[in-house]
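The structure appears right after this line, and notes come after that.
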Amino acid sequence: MIDPRDEKKLIKTITSLITLLMLVIVTLISIVFWMIFGSKDDTLPEIIEEENDIVENVIPSMDESNDLWVAPSVSEIPEGREGELIRYGKELVANTTEYFGPKGSVAHLSNGLNCQNCHLDAGTKVWGNNYGSVAATYPKMRGRSGQVEGVFKRISDCFERSLNGTAPDSNSREMKAMAAYIKWVGKDVAKGNKAKGSGIFNIAFLDRPADPKHGKEVYEAKCAVCHQSDGQGQLNDKGNNYTYPPLWGRWSYNKGAGLYRLSRFAGYVKANMPLGVSYNAPQLTDEEAWDVAAYVNTKERPGLDLSKDWPDISKKKIDHPFGPYVDPFPESQHKFGPFTEIQSFYDELKKSKL
Ligand code: HEC
Ligand code: HEC
């Protein structure tokens, strides 16, 4: 016979053991759930939808330039593991080719460009195609893929198109680092807002098609000294990174890339090239920027299977130069302009849907 007092004790011990076990199980289940759902990129609920219009920007006056976005200072990068990841991400954005280029130390996945060649100052320069609004506007419904894209997917897009390669695995430390850095750059922009001065400057449309012949003259006079007459740029002495990146040919961005759209190229160049200029002290006129864009984007470059892009063709950006379209304008006009009447077509379409 068991002493009833012992029996009580035993029951008490067993009950506490069971409670403890339950606690452990619940904790384990929560951890598993967190690992599956919680740590994933982009679980935020509000989705921002992209428009297909290109509204021109006006250079802000002196007082307005005060509200232009300013990147956080590197001294704000936190200490510890998160900070280490962000710093590594910045390094990868600045010197991508040393890690992923044809002679890369991590893998050989890309054409040799650095993210920073197009996202200037590691994606922090005002109207230098910076990352200011990424944290605030992704995940985003994008017309090109017809999908809700998070930051990982958007980075992969640039690997596949601008870097004409393949993206590193989304579980890799490198992908996590670049995403952590890009999100850190935009950390002070409120969710849903597009910061003024982020991304690429939209320059005014011309009332004629952009002219590659005049663009060649601009190129020879203002670009060839660095990017070379043959557009192939110049490698550094070690041969592992570009001093001047190529603008066309097999080592350049492919036909699915953002810069292949004339408005992106022209806006990027107007506010940033020749190297050293800025949006408020540009060197090219709007005409020169559009024409040099037309010249560079009629040169040979790698292709890409674009058949899955723009599943809803009414969402196509007006300067995407590959049909079919819902509008009646030919591919050549989508490539070189004039764009005003194409833009009006979509403005009307939007109104008729309201
Ligand atoms: C050849 C030029 C080029 C290179 C190199 C490049 N990108 Fe991009 N990237 C672009 C263009 C153009 C856009 C689209 C900008 C627009 O439409 O306003 C873009 C957009 C992005 C965006 C979305 C920005 C936004 O506000 O929506 C992210 C994020 C991005 N790139 C990351 C990267 C990363 C990371 C790399 C390097 C692995 C990289 N890019 C390399 C040209 C480039
Ligand atoms: C003084 C040298 C210099 C001149 C002149 C110059 N660039 Fe650049 N360009 C650069 C450098 C350097 C980069 C990369 C910037 C970086 O990594 O910080 C670059 C990047 C670019 C890029 C994005 C990267 C790529 O390879 O696609 C484009 C497009 C571009 N330049 C176009 C032009 C055009 C068009 C002109 C003439 C109007 C021009 N540049 C004049 C030095 C120059």
Of the conditions (1) free of Cβ contacts under 8 Å to residues at least 40 places away in the same chain; (2) more than 19 Å from E50 (Cβ to Cβ); (3) more than 10 Å from ligand 1 (Cβ to nearest atom), Q147 fails just one. Which one is it? (2)
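State the number of residues belonging to segment 211-240 that are part of a loop (DSSP other than H, G, I, E, B), of a type outside the set (S, T, Y) and in contact with an Asp or Glu (Cβ under 8 Å, 6 or more places away or on another chain). It would help to see each step written out before you state the result.
Kept after step one, since they are part of a loop (DSSP other than H, G, I, E, B), are these residues of segment 211-240: 211, 223, 228-233, 236-240.
Then drop every residue that is not of a type outside the set (S, T, Y), which leaves 211, 223, 228, 230-233, 236-240.
So of that shortlist, the ones also in contact with an Asp or Glu (Cβ under 8 Å, 6 or more places away or on another chain) come out as 211, 240.
Looking only at that region, the number is 2.
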For T137, are the conditions met, namely being in contact with a Leu (Cβ under 8 Å, 6 or more places away or on another chain), more than 6 Å from ligand 1 (Cβ to nearest atom) and β-branched (V, I, T)? no
Of all residues in segment 269-299, which are free of Cβ contacts under 8 Å to residues at least 60 places away in the same chain and either more than 20 Å from H334 (Cβ to Cβ) or away from ligand 1 (no atom under 16 Å from the Cβ) (or both)? M273, P274, L275, G276, V277, A281, P282, T285
Here is a check on your reading of the model: is Y279 within 14 Å of ligand 2 (Cβ to nearest atom) and buried (at least 17 other Cβ atoms within 10 Å of the Cβ)? no
Got at least one residue in segment 233-240 being within 16 Å of ligand 1 (Cβ to nearest atom), within 18 Å of S162 (Cβ to Cβ) and out of contact with any Ser or Thr (no Cβ under 8 Å at 6 or more places or on another chain)? no
Looking at segment 208-219, I want the residues that are surrounded by 21 or more Cβ atoms within 10 Å (Cβ to Cβ) and have a partner that is at pLDDT 95 or above and among the small types (G, A, S) with Cβ atoms under 8 Å, at least 6 apart or on another chain. Which pairs are those? A210/A266; A210/A293; A210/A294; A210/G337; G215/A293; G215/A294
Hey, any hits in segment 222-240 for a residue that's more than 15 Å from ligand 2 (Cβ to nearest atom) and in contact (Cβ under 8 Å) with a residue 60 or more places away in the chain? yes
Could you grab me the full set of residues in segment 96-107 that are touching a residue at least 60 places away in the same chain (Cβ under 8 Å) and surrounded by fewer than 18 Cβ atoms within 10 Å (Cβ to Cβ)? K103, V106, A107
Conditions (1) part of a helix (DSSP H, G or I); (2) within 30 Å of A195 (Cα to Cα); (3) modelled with pLDDT of 75 or more; number of the one not met by I25: (2)
Members of segment 110-120 that are touching a residue at least 40 places away in the same chain (Cβ under 8 Å), under 30 Å from V189 (Cβ atoms) and not small (G, A, S): L113, N114, C115, N117, C118, L120
Which condition does S162 not pass, out of (1) surrounded by fewer than 21 Cβ atoms within 10 Å (Cβ to Cβ); (2) outside any helix (DSSP H, G or I), if it passes all the others? (1)
Taking T243 as meeting all but one of (1) within 14 Å of ligand 1 (Cβ to nearest atom); (2) not in a helix (DSSP H, G or I), write down the number of the exception. (1)
Determine which single condition S145 fails, assuming it passes every other condition in (1) within 21 Å of L247 (Cβ to Cβ); (2) modelled with pLDDT under 95. (1)
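Residues checked against (1) under 19 Å from the mean Cα position of the chain (by Cα); (2) aromatic (F, W, Y); (3) modelled with pLDDT of 95 or more:
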residue: R250; (1), (2), (3): no, no, yes
residue: K255; (1), (2), (3): yes, no, yes
residue: L262; (1), (2), (3): yes, no, yes
residue: Y268; (1), (2), (3): yes, yes, yes
residue: L275; (1), (2), (3): no, no, yes
residue: W290; (1), (2), (3): no, yes, yes
residue: Y295; (1), (2), (3): no, yes, yes
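The values are calculated or read from the model by the stated rules, or taken from the named source; none is laboratory data. All figures in this text were calculated on a predicted structure; none of them were measured in a lab. No Cβ is skipped: glycine too gets one built from the backbone with ideal geometry, and neighbour counts run over all protein chains shown.
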